[in-house]
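Below is one structure, written out as structure tokens; the observations come after it.
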Amino acid sequence: MAEVTELLERARQGDPLAWNQVVALIYDDLKRVARGVLAGRGSATFNPTVLVHDCYLRLARAGAHGVQDRAHFMALAARAMRQLLSNHARDRMAQKRGAGAAVETLSEEERSADLEAEHLLGISTALERLDAIEPKWVQVVECRVFAGLSEQETADALGTSLRTVQRWYAEARVELARIMAPDRPG
Amino acid sequence: MSDTPDPNADPLGWLESRALWQGSLFRSLLQEVRAGDRLPPGTRLGSFRIVEELGAGGMAVVYRAQRDDGQFDQSVAIKCVPANPSTRDIELFQRERQIQATLNHPNIARLLDGGTLDGGRAWLAMELVDGQHIDAHADSNQLDLPARVRLVQQVIAAVAHAHQRLLLHRDIKPSNVLVDTEGRVKLLDFGIAGWIDESAQVHAYSPGWASPEQSRNETVGPASDQYQIGLLLGRLIDPLLPSTGQRTRELRAILAKARHDDPEQRYHSVAEFGAELERWLEGLPVLAMRGGWGYALNCAIRRRPWLSLGSATAALLLLGLLIGFNWRLQVENARTERAAAIAENVNRFLTEDLLSQADPYNTPKPDLSVREVLDRARAGLGGRFVGEPGIEAGIRATLARSYSGVGEYDVATQEYERAIELAEAIGEHAPDELGALRAERADMRSRLGDVSAALAELKLLGEQERARAGGDNRLQISFALQAIEIQVAASQTETALAAIALLQPRLAILAADDTLRIELLAAEGEAAMRLAKFSQGDRALQEAEKLAGRLLGAESPRLQLILQNRAILYRQMGQLTPALELERRVLAWQEQRFGRQHPETQRTLNELASMLQDDRQFELAEQLFREVLAERERKLGVGSVLTRNSLNNLGLVLSLQNKLDEAEVHYRRALDVERELLGADAFDVLILAHNLAGLLRKRGELDAALALSRDTVERAERTLSAERHEPALFRVGLAQTLQKLGRYAEARVEFTSARERLAKLLGADHARIAKLDEMLAALETERLAH
């Protein structure tokens, strides 16, 4: 078994070391695009699809190959993206709580980042509850939203049909909203 | 974000919206991610260690690093490729490395080293420039206009260097141009530079500093860099530029050309842009003003007569004469369009065919002599102006004056003939211009040796003009002035003074501010000075000075020439204090205009030193003579007549201080060079030999002194005309040596012979005769004592 294939397989099965390596891969690619996006150069709109595809190309050069490797990687990458964003949101909120009175002096940009972090953390918590109900729903959301995959790519990544992906995604939308509804007790 | 769904009501909708990837949270994540990309202080790259981060450019982070190999202390700037670079990052970085390796120029930050980190990240070590941005530097040092232009010249030098290597900078702006503590410009950041011929160009540029073609995303060439330098120059000089004046108009024209919207209309190259600025700094005509009315005239006046176009004296005369030409056309004919067209054509011919070739910054052959330039222009004239006799006449007249200026009187005469012929045929020229041409043709005769023919012709011209005009007019006075100048030059000084006196009552017809008055006063001053009529000369020159100051300005070159003559006059009167003061005024003016090293300034320094020597301020004189000698030896070589003159001067001032050993060294050196170059009979050689003989006598080497003196007297008698007084001086030297040898009778014979000749040439009441009588008396006393 090729090294990369093995790495992806181990990550899928929950090996924390392998998982961290996948996150590191994505992290490196974020670094790569960070300069461009922050400088507002080129098309300033960030597109996660391009990032995960570029990332897979590097992995392919390192030995990944075949439909299955690709599918596994896409699903993992989507989860890694979600984790990176949620962790950053958590760090921000933690910092904010520690910052105390300094909150007053925050810039517009900082304030909206904090607000977004709050929203994302709320959704992330809801996704964890959703995962307890139906993990497939969460996987579809991760692929579609955090990796920017198309419905077909999501179907390929999750080893299911296009129709199923569409159904799961619609169900996830309803269920997630239900979980988040303010009249429901948290 | 009003279109963003409520995250609580529609969480998936919120995730799908722009909020996730275009929001502040994601940017904040990217910033955190990026911070991890930095090299922490202490990181080692090759023989360098990171000290701190200096800033992040578009492509890479720049750090200050310190050499850490114990070799020597050196701060450098390190540019490091980001971790996990994109293909484009790597390409850009490799390109920058390649570009920096191509460049080697004092005004471009140097590439010092390069390497790769463990993770494969490439880095470059560059010269770290300790300095300010160019605009901040100019302001904090309160640089004046020329100094700011010179700074930009350094930028141009750097960019021209890059262009020669087919490289464009593409991002010239103040933050990329530093000036170090020594005032040296350093051009930085070839980060988005590229090769001129490459098709895939980087379109990144800095807002506000883009050329029009960059803004339009078109292909950019060297002209784009030129545009950006133009913007930079504008930024530097705009706050200082006076609102009016010739110099301001020139700079504005230069700026407009460099910053033209159409790249085709800019200078052909940045080097040419630089040459143009250099011309501006030197006060030469600038191309951007070409065709402007009377423009060449202004420049010529501004520079006259201290030019540095190769042979300074010849060029001085050339330009001086061109002034006359332009001036006459302007004053007499400016009213008619036709005349204006002629003048403009002639001006263009002057600036393009003549001046531009003599221009040291704009010619493939910098040592092209004025004579060669003239020959080319003359040959190029050919049939170019067939059907335009008015223009051709103007150009021929200019050529004639120029040839006359370089001493080619035969060719000049031919050109005068031709110009007069053309002017007469078309009958278009103002009587003044035609009359001036005829008078100048007459003057050629005097230059070719026939003074009386020239004077007769001028007289005839005056009479003809009187008949034509039906009375006295300015042209007739100008003829008379020309005759007077010929007489002064031909040493018919008494006649000249008489003519000036005769002219006085006629001057009433001249306007009070006519510049002819200055010339007349100057001629009178010179003539009176030659006749030792010092008070008359002084009065005339003082009036000339006042009038020139009033009409031409206190800073005018014409005024400086008058001041110099006044200094000579005082020196001859033996009044050294005012002479020194005047000479110092001229010196200050020249130093400010041309700099200390300029040949004309050096000439004045030499003159000043001679006066100091007369004033027995030997040490100061010696110091100045040494300075001039060093400068001339460096610039002209030992063979130049000026250098030899300096050797002689230094020798003399040393011997006057009894530093005889040192003096002899300089004398002998000068004499050896001169004999070799000029032959033993040359006048300069005889003067030197005479001085050396005097030195030998002082040192008590009487036999050697006697031999040299005899030889000198013999050669002088054989080769110099009877009009010269120098053989008598040499004979005095011979007599003094004989006296020291105790050969009193022989000495007496020589003294007497010298006295006879001097009395005949200078008049019996000249100071030198009195001095000789004293010497004869002393000889008699000494003989009797023995």
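None of the figures in this text is laboratory data; all of them are computed from the coordinates on show. Keep in mind the model is a prediction, meaning the values are calculated, not measured. Here the Cβ is made from the backbone with ideal geometry for all residues, glycine too, and neighbour counts use every protein chain on show.
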Taking chain A as the reference, fit the longest principal axis to its C-alpha atoms, fit the long axis of helix A:108-133 to the helix C-alpha atoms, and give the angle between the two in degrees, 0 to 90, nearest 10. 50
If R0 is 56 Å, what FRET efficiency do you get for B:LYS740 and B:ALA489 from their C-beta distance, rounded to 0.05? 0.85
Hey, how much of the P(r) for the range B:641-698 falls beyond 18 Å, as a percent of Cα pairs? 22
For B:ARG249 and B:LEU166, what is the calculated FRET efficiency with R₀ set at 25 Å and r taken between the beta-carbons, to the nearest 0.05? 0.10
Report the percentage of all Cα-Cα pairs in the range B:585-702 whose separation exceeds 18 Å, rounded to a whole percent. 52
Distance in nm between pseudo-label sites at B:LYS760 and B:ASP375 (7 Å out along the Cβ direction from Cα): 4.3
Put a dot 7 Å past each Cα toward the Cβ at B:ARG466 and B:HIS133; how far apart are the dots in nm? 7.4
The range B:524-630: trypsin sites (Lys or Arg not before Pro) in DSSP coil with no more than 11 other Cβ atoms inside 10 Å: B:ARG616
Here the gain from full extension of B:SER175 to B:ARG550, 0.36 nm per residue of separation minus their alpha-carbon distance, amounts to 130.3 nm
Quickly work out the B:GLU182-to-B:SER535 label distance, labels modelled 7 Å from Cα along the C-beta direction, and quote it in nm with one decimal. 6.1
If I take the Cα coordinates of the range B:651-756 and project them onto the principal axes, what are the three extents in Å, biggest first? 33, 30, 20
Selected from A:CYS143, A:LEU120, A:ALA89, residue furthest toward positive end of dipole (chain A; charges at beta carbon): A:CYS143
Structure-based [θ]222 nm, chain A - -39500 (n - 2.57) summed over DSSP H runs of at least 4, per residue, nearest 500: -26000 deg cm²/dmol
Approximate shape of the range B:399-544 as ellipsoid semi-axes (Cα gyration tensor, √5λ), whole Å, largest first: 26, 19, 13
Projected convex hull area of chain A, Cα atoms, direction-averaged, in nm², equals 12.7
Sort the range B:122-192 into rounded, prolate or oblate with this rule: let a ≥ b ≥ c be the square roots of the eigenvalues of the Cα gyration tensor; rounded if a/c is under 1.5, and if a/c is not under 1.5, prolate when a/b is larger than b/c, oblate otherwise. oblate
Just to confirm the number: angle between the C-alpha axis of helix A:16-39 and the first principal axis of chain A, 0 to 90 degrees, nearest 10? 60
